[in-house]
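The values are calculated or read from the model by the stated rules, or taken from the named source; none is laboratory data. This is a predicted model, so every value here is computed, not measured. Here the Cβ is made from the backbone with ideal geometry for all residues, glycine too, and neighbour counts use every protein chain on show.
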Amino acid sequence: MAMLSIGFVAAAAEADPKMGYAIGGAAAAAYSFAAAFFGPAIGRLVDRRGQLPLARVLAVVACFAAALAVGSLHFKSMTPLFIPLAGLVGATQPNIGSLTRSRWAVLGERVPNLESAQALESINDEVSFLFGPAVVAILASVGFVGMPILVSMLLLMVGAIGITSSWSLPAPHPHSTGVSWRLEFPAGIGLLLSVGALGGALGAAQVLQLAYCSALGLPKGAALVYLVNSGASLVGAIVIGAQIWVVPVRRRFTCAMLVYAIGVIPSALVDGYWQFVIASTLSGIAIAPTFIQSNALVAEVTSAHSRTSAFTVLVSASAVGIAFGAAVAGLAITSVGADIARLILLPLAGCAATAAIVTDAFTPRCAPPTFSTVI
C-alpha cells in the first residue's frame, strides 16, 4: 500500500515523459477517491460479515485490476483506461490498517496500554512507508514500466492472506444496525476535515518529492528523500508510543498537527538536493504521531459494532486528501515546474492545522460530536 499511489505516478511518468505526471497524478487521485468512496461500505461489510470472507477476494480483484492498468501503459491505444483501472484498484483493495486496528481494539481488555499497541501498528505502517516509496523510485529506474505496481500488489496479496489467518479475528456483527447501514463516527467531522487536509499535504508532497529530485537531475535521489521522510516519521511513532499520556487525546492530535504544519515549511522553500533531504526529514517527524493520535481518538470513542467502518472512514478522509493533493501537485508540476509547485504544501498543511485547532477549541471535553450517515 505504501508503494501503490506513487507507483501510479512513476509508471505514468516513465511511459509518457510529456504528460506523465498529470496522468499519474490523476490515476493516483482516482485510486484514492475510489478507496475513500467505497472504503466505508467495505468496512461496514467487514463489520457485518467478518474479515476472512472478504479480504482475500477483494485482494484478488484488486491485483487483477492492477495488472490490467500496467498492461494499458504498454499499449498506447489502451492508455485512457489507466486512470479508471487505478480507480478500480482503489475501490476493491482491502484496507489492512483498518483490519489490524480493529483487531487491536478487540484485544483491548487484555492489552494494558491500548494506545501503545495502536502506536506499534503505526510503527509497522511506517516501516512499510520507510521502504515502499524508496523501492518504487529504484524499481521505476531499473525495471519495466509498471513494475512497482505489480510488486506492490503481490505484497498486498500475501499480506491479505496473512492478516486473515490469525486467531484474533473480530467477531462479525450481522444485525448490529438493522436493515440500513449506518456509519457512525463519534470522533466528529472536524477530525475528518483535519485528516483530509493532512492527506492533501502528504499526497502532494509524495508527488513533488519525486518530481523535484527529477528536476534536479537526480531521479534516483528520490529514494533517499522518501527514506528519510518515513524514517523520521518512524522515530516519531516510537517516541509517541513509548509515552504514558495524561493529556486528552484530541489535544495531542492538535499539537501533532501543528508540529507537522510547521515542519513542512522548509520543504516548500529550500533550494538544492541535500537541503531538500534535510527539509524532508523535518517534515516527516510528526506524520506518524498525528495519525497515531487520530486512530487513538477513534478507538477511544467508537463501539465495537462499528469500529472497522469508523477506522475506514478516517482512512477515507485521508485518501480523499491524498487524491486531491496528488492531482493538484501533478497539474502544478506540469504547469509551473516542480520548484514553484512545492509552494502548494503551505496552504494544505495550514488548512490541516487550522481545522484541528478550531475543532479542539469548540469540542466539549465530555461529549465529542457524533457524525453519522446512512449508505
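Looking at the range 226-256, which of its residues are among the polar types (S, T, N, Q) and modelled with pLDDT of 80 or more?
Asn229, Ser230, Ser233, Thr254
Just the residues that are among the small types (Gly, Ala, Ser) and assigned to a loop (DSSP other than H, G, I, E, B), please, taken from the range 244-280.
Result: Gly272, single match.
Can you find a residue in the range 43-61 that is in contact with a helix residue (DSSP H, G or I) (Cβ under 6 Å, 6 or more places away or on another chain), in a loop (DSSP other than H, G, I, E, B) and in contact (Cβ under 8 Å) with a residue 24 or more places away in the chain?
The answer is no, given that none of the residues of the range 43-61 is in contact with a helix residue (DSSP H, G or I) (Cβ under 6 Å, 6 or more places away or on another chain), in a loop (DSSP other than H, G, I, E, B) and in contact (Cβ under 8 Å) with a residue 24 or more places away in the chain.
Can you work out which of the residues in the range 199-257 that are without any contact (Cβ under 8 Å) to a residue 40 or more places away in the chain and surrounded by fewer than 22 Cβ atoms within 10 Å (Cβ to Cβ) is nearest to Thr290 (Cα to Cα)?
Filtering first and then ranking leaves Cys255.
Residue under question is Val328, and the condition is that it be out of contact with any Lys or Arg (no Cβ under 8 Å at 6 or more places or on another chain), outside any loop (DSSP other than H, G, I, E, B), buried (at least 19 other Cβ atoms within 10 Å of the Cβ) and modelled with pLDDT of 80 or more; does it hold?
Considered against the rule, which asks whether it is out of contact with any Lys or Arg (no Cβ under 8 Å at 6 or more places or on another chain), outside any loop (DSSP other than H, G, I, E, B), buried (at least 19 other Cβ atoms within 10 Å of the Cβ) and modelled with pLDDT of 80 or more, Val328 comes out as yes.
Among the listed residues Ile83, Ile123, identify the single one that is modelled with pLDDT of 85 or more, surrounded by 16 or more Cβ atoms within 10 Å (Cβ to Cβ) and either out of contact with any strand residue (DSSP E or B) (no Cβ under 9 Å at 6 or more places or on another chain) or not basic (Lys, Arg) (or both).
Exactly one of Ile83, Ile123 is modelled with pLDDT of 85 or more, surrounded by 16 or more Cβ atoms within 10 Å (Cβ to Cβ) and either out of contact with any strand residue (DSSP E or B) (no Cβ under 9 Å at 6 or more places or on another chain) or not basic (Lys, Arg) (or both), namely Ile83.
Name the one entry in Ser306, Ser283, Ser294, Ser318 that is in contact with an Asp or Glu (Cβ under 6 Å, 6 or more places away or on another chain) and either in a helix (DSSP H, G or I) or modelled with pLDDT of 85 or more (or both).
Ser306
Given the conditions (1) under 22 Å from Pro133 (Cα atoms); (2) surrounded by fewer than 20 Cβ atoms within 10 Å (Cβ to Cβ); (3) of a type outside the set (Ser, Thr, Tyr); (4) more than 20 Å from the chain's Cα centre (by Cα), report the number of the one that Met1 does not fulfil.
The one condition Met1 does not meet is (4).
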